[in-house]
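Every number here is computed from the coordinates shown, using simple stated rules; none is lab data. This structure is a prediction, so every number in the text was calculated from the model and none was measured.
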Amino acid sequence: MSTSTHDRAYPEPDAHPNWTTRRPASRPLTPAQQQHNREALLLAQHSPSPRRTRKNTPEAAR
């Protein structure tokens, strides 16, 4: 059974402005920014995470 707005105990609040505000489109990245992002991504994918290196573990510190 569906409920109508009259069946509710209180009215539904308006939507948050962030949901309804139309913002201008963001600027596209420049080729230099795209290249920098590609290089940073490749570096991050092929280097070990700092949390998983042997020297950062508590057992290695002992």
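So here's what we get for this one:
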| read-out | value |
| --- | --- |
| Added length on full extension, which subtracts the Cα-Cα distance from 0.36 nm per residue, residue 41 to residue 21 | 4.0 nm |
| Stretch gain in nm, segment residue 30-residue 12, where the contour uses 0.36 nm per residue and the Cα spacing is subtracted | 2.1 nm |
